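First comes the structure, then the notes that go with it.
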Amino acid sequence: MNIILLGPPGAGKGTQAKLLESSRGMVQLSTGDMLRAEVKSGSALGARAKSLMEAGELVPDDLVIGIIANRIDEPDCRNGFILDGFPRTVAQAEALDQMLAEKKMDLDSVIEMKVDDKALTARITGRFTCAACGEGYHEEFKRPAKDGVCDKCGSTEFSRRKDDNAETVKSRLAAYHEQTAPILPYYEKKGLLRQVDGMASMEEVSRQIEAVLDEAAG
Ligand code: ADP
Ligand code: ADP
Ligand code: ZN
């Protein structure tokens with residue numbers, strides 16, 4: 001099964017994608033993670049993306065479309081993928097459709113995670129991750145069992161994203177409402193759009209997503 005997790009920054013897409021990787025063996029395709037890896041490696045592509053990402057603006061469509069087109073050809077995607085953070089514009093959604101048609105792949109469901117802007121700011125400014133294994137945490141909503149020690153791997157090194165600050169959040173939310181929200185009617189017309197309550201607990205959101213996937217599987 002191939003799905004899109006759609007929602008504003010901080011909605012919980014990455015959290016739920018990781019849960020689906022373990023429950024269903026699907027693979028998470030996060031354009032944000034891929035772009036951050038490009039920036040870190042110092043590639044030409046990373047250099048094009050860096051300042052836009054730090055300003056909370058979208059990077060050009062051709063850049064992310066190229067990244068996804070390459071990634072989707074990898075054999076692990078045949079077990080099912082979860083698009084996290086892509087598509088983010090109507091042009092990206094159209095390019096995705098074309099790509100999938102060429103590869104004879106299907107899109108089974110587009111799941112919108114609805115969360116209030118106010119809650120998103122708190123989620124983003126409190127977010128941090130384990131620097132060793134990438135496990136996601138939150139200062140208030142998901143603290144490690146033992147302070148300062150990763151539950152998953154025992155590391156004591158954590159990191160925060162440079163763009164996870166109150167000022168950048170404003171531009172990222174504006175980009176979502178102006179450029180990404182218009183893809184909701186695009187998928188609604190195709191009959192693929194489903195909604196879950198992103199304000200609920202991580203466990204409840206996960207149950208709702210699993211129910212959508214069970215229904216899509218028939
Ligand atoms: P996204 O990938 O959509 O930007 P994340 O999955 O990284 O969002 O979640 C943003 C932050 O909010 C993280 O710190 C995460 O631990 C926390 N979080 C995720 N889902 C929930 C939830 N349902 N309730 C409270 N906090 C959540
Ligand atoms: P979030 O967790 O807040 O949803 P992401 O990690 O998905 O954020 O994205 C971080 C940044 O990377 C975005 O603010 C944007 O600059 C860039 N980016 C990621 N995916 C895309 C995309 N599909 N199109 C354009 N820019 C993107
Ligand atoms: Zn860890």
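Taken together, the values in this text are just the output of simple stated rules run on the coordinates, not laboratory data. Fair warning: this is a prediction, and the values are worked out from it, not measured in the lab. Don't worry about glycine lacking a Cβ; one is built from the backbone with ideal geometry, like all the others, and counts go over all protein chains shown.
A few comments on the model shown:
- Short-range pairs are left out: with C-alpha atoms under 8 Å and at least six residues apart, the relative contact order of region 1-99 is 44 percent.
- Placing unit charges on the Cβ atoms of the charged side chains and taking the dipole of region 18-150 about its Cα centre, the candidate lying farthest along the positive direction among Ala132, Ser51, Val64 is Ala132.
- Straight-line cross-link partners of Lys104 among the lysines, defined as a Cα under 27 Å from its Cα and at least 8 positions apart when in the same chain: Lys13, Lys18, Lys189, Lys190.
- A straight Cα-to-Cα reach below 18 Å connects Lys162 with the aspartates and glutamates Asp33, Glu38, Glu54, Glu57, Glu135, Glu139, residues fewer than 8 places away in its own chain not being considered.
- The chain - Cys residues lacking any other Cys C-beta under 4.7 Å: Cys77
- Using a Gaussian network model of the chain in which every pair of alpha carbons under 10 angstrom is joined by a spring, one finds that among Gly136, Gly148, Gly14 the greatest mean-square fluctuation is at Gly148.
- Net charge dipole, the chain: roughly 360 debye, given to the nearest 20, about the Cα centre with Cβ charges of +1 for Lys and Arg and -1 for Asp and Glu.
- Residues Cys77, Cys153 arranged by fewest to most Cβ contacts within 10 Å: Cys153, Cys77
- Directionally averaged projected area (region 51-142, Cα convex hull): 8.0 nm².
- Which of Phe86, Phe141 has the fewest Cβ neighbours within 10 Å, and the rest in rising order: Phe141, Phe86
- Here the chain carries DSSP beta bridges of which approximately 30% are antiparallel, counting only pairs with both residues inside.
- Counting every other Cβ atom within 10 Å of each residue's Cβ, His177, His138 order from fewest to most as His177, His138.
- Alpha-carbon spread of the chain, three principal axes, descending order, Å: 47, 40, 35
- Relative contact order %, the chain, counting alpha carbon pairs below 8 Å whose residues are six or more apart: 30
- Applying a DSSP loop filter and a limit of 13 other Cβ atoms within 10 Å to the trypsin sites (Lys or Arg not before Pro) in region 163-218 leaves Lys190.
- Over the residues of the chain, the helix contribution to mean residue ellipticity at 222 nm works out to -14000 deg cm²/dmol, using -39500 (n - 2.57) for each DSSP H run of at least 4.
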